[in-house]
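Each remark here refers to the structure printed beneath this line.
The values are calculated or read from the model by the stated rules, or taken from the named source; none is laboratory data. Predicted model, so just to flag it, every value in this text is computed and none were measured. With ideal geometry, Cβ positions are generated from the backbone for all residues, glycine too; neighbour counts draw on all protein chains shown. Just so you know, the surface numbers come from the protein's heavy atoms only, side chains and all, with ligands and any DNA or RNA stripped out. Shrake-Rupley method; radii C 1.70, N 1.55, O 1.52, S 1.80 Å.
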Amino acid sequence: MSNKLYYSILSVCVVAILALTIVSVAVAKMPATLVPLTDPLAPFLESRAYALSKGATAEFNKMEWVAVDQANKKVYVVMSDITKAMSDGEGAIQVKENRCGIIYVGDMDQSYNV
């Protein structure tokens, strides 16, 4: 690889890193929500804040997936990192800290209640 090409690639990488840094700083200074929670799109764009405003818990962190096995009446909840509000001894959710993630399995009744 020629020096000229190497420095061109290096320049592009430096510019990309600087751009990402600037964007990260800008995002960190954004308001708590992108749209007001009264906006019809708020449940979709601000799911966590909207749910909290309706009385739901905001303690879940890193909940990655929920799957339902209708044939065996099971629900699976996958979390990739269990820390902070879920294991701090306060609030509605109290589980053991697990930095490696976990899969919870729940039995469902005929009405799909867990």
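Heavy atoms only, probe 1.4 Å: what % of the accessible area of region 38-100 goes to carbon and sulfur, would you let me know? Walk me through the intermediate numbers first.
On the way: 2530 of 4460 Å².
Its accessible area is 57 percent carbon and sulfur atoms.
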At what distance in nm do the modelled label points of residue 74 and residue 56 sit from each other, each positioned 7 Å from its Cα along Cα→Cβ?
2.5
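Show me the GluC sites (Glu not before Pro) within region 37-114 that DSSP assigns to loop and that have at most 16 other Cβ atoms within 10 Å of their Cβ.
Details: sites: 46, 59, 64, 90, 97; in loops: 46, 59, 90, 97.
Answer in residue order: 90, 97.
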Tally Lys/Arg at +1 and Asp/Glu at -1 over every other residue whose Cβ is under 15 Å from the Cβ of residue 35; what's the total?
-1
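Under 10 Å from the Cβ of residue 83, count the other residues' Cβ atoms, weight Lys and Arg +1, Asp and Glu -1, and hand me the total. Can you show the working numbers first?
On the way: positive: 62, 84, 99; negative: 81, 88, 97.
Within the 10 Å Cβ shell, the charges total 0.
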How far, in nm, would the chain grow between residue 103 and residue 90 when pulled straight, counting 0.36 nm per residue and subtracting the alpha carbon separation?
2.5 nm
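Hey, can you rank 73-80, 102-109 by average C-beta count inside 10 Å, highest first?
73-80, 102-109
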